[in-house]
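The values are calculated or read from the model by the stated rules, or taken from the named source; none is laboratory data. Keep in mind the model is a prediction, meaning the values are calculated, not measured. All Cβ positions, even for glycine, are placed from backbone atoms using ideal geometry, and neighbour counts span all protein chains on display.
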């Protein structure tokens, strides 16, 4: 460690003095930090052991969304790079905060109770987002802005949706239809670059805990509208499902929908999805505790927690340079491209 520290400092100093481009400066800084991380990070033996540990989730590709989530949770220095030291310290902080009786270990209820709190906070936030988006959707469908949605307005939206997915125009949505192309439309006074930036920012957001089927995906379309589950959505199936939703939402049976009716029907579906998601998540947390409790004594030490920590860090450090950074996205893409070539 004593030998590596001066080397890392020297590399950082030379980088600061040289006339390099911002990209080169960032690369040099990453290399310096990687040297620091390796000096106190995972050894080759630990890496090899972590790579062979197949417990937990299967290895996934590194994406902008996943990197953003990792940086949000573990990047204490806010330099868009997570070293093993930062990752280890972050999990230590988490462990100590969950250890409510301060006995140096976690029992099942401590572990599950902490996760339940975070889960409910995320669900509440995601639910508010769902409600906000539903209000936006109502206003978009209410074309004459009279705060009332008629069946004709609702039906017109459905016609557009069906037409978008029925690519070959045979009044049936199935595997023969080409995937619709979504084009970025340039709004008045808006530049394409701004739209692209907004799209990238949206992509990097943490994924919602509430998974509602959406007509923006073919899977969502079939979940909602394929009533007989035969792999086809006929026009009748599509219209009948939309009529039933409209009828259920129309509580006073006036033939039109006001915002509270439209929102109330959707909230009922959201709350049903939340209940299902919450039960599954809590059940999985008990299973996860049993997996992390390596010696099966119903008590988890920090070392046991970090068995999974090493496995996770090793899997996200795709280029094995000792840190998790944007470089791992490119490394992950190279691996995927190589696999596709075989």
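Does residue 315 qualify as being at pLDDT below 95 and under 18 Å from the mean Cα position of the chain (by Cα)?
Details: at pLDDT below 95: yes; under 18 Å from the mean Cα position of the chain (by Cα): yes.
Against the criterion (at pLDDT below 95 and under 18 Å from the mean Cα position of the chain (by Cα)), residue 315 qualifies.
Does residue 85 meet the test of being part of a helix (DSSP H, G or I), closer than 25 Å to residue 330 by Cα and touching a residue at least 12 places away in the same chain (Cβ under 8 Å)?
Details: part of a helix (DSSP H, G or I): yes; closer than 25 Å to residue 330 by Cα: yes; touching a residue at least 12 places away in the same chain (Cβ under 8 Å): yes.
Yes: the conditions hold for residue 85.
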**OP:** Return the only residue of 232, 298 being touching a residue at least 60 places away in the same chain (Cβ under 8 Å), in contact with a strand residue (DSSP E or B) (Cβ under 6 Å, 6 or more places away or on another chain) and surrounded by fewer than 17 Cβ atoms within 10 Å (Cβ to Cβ).
**Re:** 232
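Scan segment 320-331 and give yes if some residue there is under 30 Å from residue 157 (Cα atoms), within 20 Å of the chain's Cα centre (by Cα) and in a helix (DSSP H, G or I), otherwise no.
No, the conditions are met nowhere in segment 320-331.
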Original post:
residue 76 versus (1) touching a helix residue (DSSP H, G or I) at 6+ places or on another chain (Cβ under 8 Å); (2) part of a loop (DSSP other than H, G, I, E, B); (3) within 30 Å of residue 276 (Cα to Cα): which is the lone unmet condition?
Top reply: (3)
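Among the residues in segment 197-207, are any modelled with pLDDT of 55 or more and not assigned by TED's automatic domain parsing to the domain that holds residue 62? If you could, list the steps in order and put the result at the bottom.
Initially, segment 197-207 is screened for residues modelled with pLDDT of 55 or more, giving 206-207.
The next check asks that each one be not assigned by TED's automatic domain parsing to the domain that holds residue 62; those that pass are 206-207.
Yes, segment 197-207 has at least one match.
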Original post:
Counting only residues that are touching a helix residue (DSSP H, G or I) at 6+ places or on another chain (Cβ under 7 Å) and part of a loop (DSSP other than H, G, I, E, B), which one in segment 273-295 is surrounded by the most Cβ atoms within 10 Å (Cβ to Cβ)?
Top reply: 293
Original post:
With respect to residue 270, is the statement that it is in contact with a helix residue (DSSP H, G or I) (Cβ under 8 Å, 6 or more places away or on another chain), assigned to a helix (DSSP H, G or I) and under 30 Å from residue 69 (Cα atoms) true?
Top reply: yes
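Is segment 18-41 home to any residue that is assigned to a loop (DSSP other than H, G, I, E, B), within 28 Å of the chain's Cα centre (by Cα) and either modelled with pLDDT of 55 or more or surrounded by 14 or more Cβ atoms within 10 Å (Cβ to Cβ) (or both)?
Here is the first cut: in segment 18-41, the residues assigned to a loop (DSSP other than H, G, I, E, B) are 18-21, 41.
Those left that are additionally within 28 Å of the chain's Cα centre (by Cα): 41.
Among the residues that remain, those that are also either modelled with pLDDT of 55 or more or surrounded by 14 or more Cβ atoms within 10 Å (Cβ to Cβ) (or both) are: 41.
Checking segment 18-41: at least one residue is assigned to a loop (DSSP other than H, G, I, E, B), within 28 Å of the chain's Cα centre (by Cα) and either modelled with pLDDT of 55 or more or surrounded by 14 or more Cβ atoms within 10 Å (Cβ to Cβ) (or both).
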Subject >> The lone exception for residue 312 - which of (1) surrounded by fewer than 16 Cβ atoms within 10 Å (Cβ to Cβ); (2) in a helix (DSSP H, G or I); (3) in contact (Cβ under 8 Å) with a residue 60 or more places away in the chain it fails >> reply: (1)
**OP:** Say whether the condition of being surrounded by 14 or more Cβ atoms within 10 Å (Cβ to Cβ), out of contact with any strand residue (DSSP E or B) (no Cβ under 7 Å at 6 or more places or on another chain) and not in a helix (DSSP H, G or I) is met by at least one residue in segment 91-112.
**Re:** yes
Original post:
Which of the residues that make up segment 113-151 are exposed (fewer than 13 other Cβ atoms within 10 Å of the Cβ) and touching a strand residue (DSSP E or B) at 6+ places or on another chain (Cβ under 9 Å)?
Top reply: 144
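Can you tell me how many residues in segment 41-58 are free of Cβ contacts under 8 Å to residues at least 24 places away in the same chain and more than 13 Å from residue 320 (Cβ to Cβ)?
The qualifying residues number 5.
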